[in-house]
1. Under 13 Å from the Cβ of residue 149, count the other residues' Cβ atoms, weight Lys and Arg +1, Asp and Glu -1, and hand me the total.
2. Given H placed on each backbone N at 1.01 Å, which residues far from residue 28 in sequence or on other chains put an amide H within less than 5 Å of it?
3. Hey, how many Å between the Cα centroid of the stretch 38-78 and the Cα centroid of the stretch 127-190?
4. Which value, in debye to the nearest 20, gives the size of the charge dipole of the chain about its Cα centre, when Lys and Arg are +1 and Asp and Glu are -1 at the Cβ?
5. For Rg/Rh (Cα atoms, Kirkwood Rh), pick the label among (i) 0.92; (ii) 1.05; (iii) 0.95 that corresponds to the value derived from the coordinates.
6. Per-residue HN-Hα couplings for the stretch 27-38, Karplus 6.51 cos²θ - 1.76 cosθ + 1.60 at θ = phi - 60°, whole Hz, x for Gly and Pro?
7. Hey, in the GNM for the chain with a 10 angstrom Cα cutoff, which one of 227, 96, 78 fluctuates hardest?
8. Is any residue of the stretch 206-220 close enough, with backbone N under 19 Å, to a label point placed 7 angstrom from the Cα of residue 139 along the Cα-Cβ axis, and if so, which?
Amino acid sequence: MEKEQILASLEAVPGKTGFYFKNLVTGETLSHHPELPLQTASVIKLAVLVEAFAQAEEGTLDFEETYTLRPEDKLPSCGALTYLHDGLQVTMRDLCTLMIILSDNTAANLLLKKLTMEAVNRRMEGLGLKATRVNRLLFDSQAAARGLENTSSAQDMGELLERMYLGRLVSPAASAEMLEILKKQRLNGKIPFWFGGRYRIAHKTGEDDGITNDVGIVFGPQPYVVCFFGNDTDTPRFERLIQDAAFALDPAREEISNWEPEP
């Protein structure tokens, strides 16, 4: 799949799509509707993660503070906390980890209530991200019925990830720790699909009805950012496109069998 084929496939797939690629060594970019604001589903958890690390750096959030899980906290679908016992004590750091690697919705909402949506949005605006906004909690059906959705764009997420890669998001230490969490992602059916574990890939997925997204950094010989957003789309078709395009964009794909992943 050549770059022209990727763009043609993005044009042909149903619905609204956004795509952004940047080679972090050469600076080469490729994009399709990169600034289009689209619904994030769980990709918005990346913005929440950044705000948590920023507040920890500023001293307004203690990562070791514990929270006691209550029945009313639990949300359906993704994650682990919904299925664990009431009264479980988890730290703020635990919530960050679960929110990313298992896309835990309960953890995300607990963090959002602690950090506040307003704080996340101020942070994203301060970073110059025009499309990234938290407008409601996850699984808030009443807010969704009023048309409130969490949004971002492929380019916003690409710029956020590039800053993290460069150690310029919050601080070098915070950037490194956030990347380590993202590299532990357990939902690996999209960007990582064809790599077979040869590279470490720091990424965050998002899914909902007619929505499938994945944004991340592929740590090959020439690391690159790649971000896909699909709304109102044919999700199996778009996910196959994500799998194929993410692999095709690797500058070293011809030599992938000889490449040793980072430890």
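1. Numbers: positive: 16, 133, 136, 146; negative: 140, 208, 209, 232.
Summing Lys and Arg as +1 and Asp and Glu as -1 gives 0.
2. 23
3. The stretch 38-78 and the stretch 127-190 have Cα centres separated by 11 Å.
4. Values: 27 positive and 38 negative charges, 39 e Å.
Taking the Cα centre of the chain as origin, the dipole is about 180 debye.
5. (iii)
6. x, 4, 10, 8, 7, 8, 6, x, 9, 5, x, 9
7. 78
8. Residues passing the 19 Å test: 206-211.
The values are calculated or read from the model by the stated rules, or taken from the named source; none is laboratory data. Everything numeric here is computed off the predicted structure, so don't read it as measured data. All Cβ positions, even for glycine, are placed from backbone atoms using ideal geometry, and neighbour counts span all protein chains on display. For the accessible areas, the whole protein counts, side chains as well, though only heavy atoms, and no ligand, DNA or RNA atoms are used. Shrake-Rupley method; radii C 1.70, N 1.55, O 1.52, S 1.80 Å.
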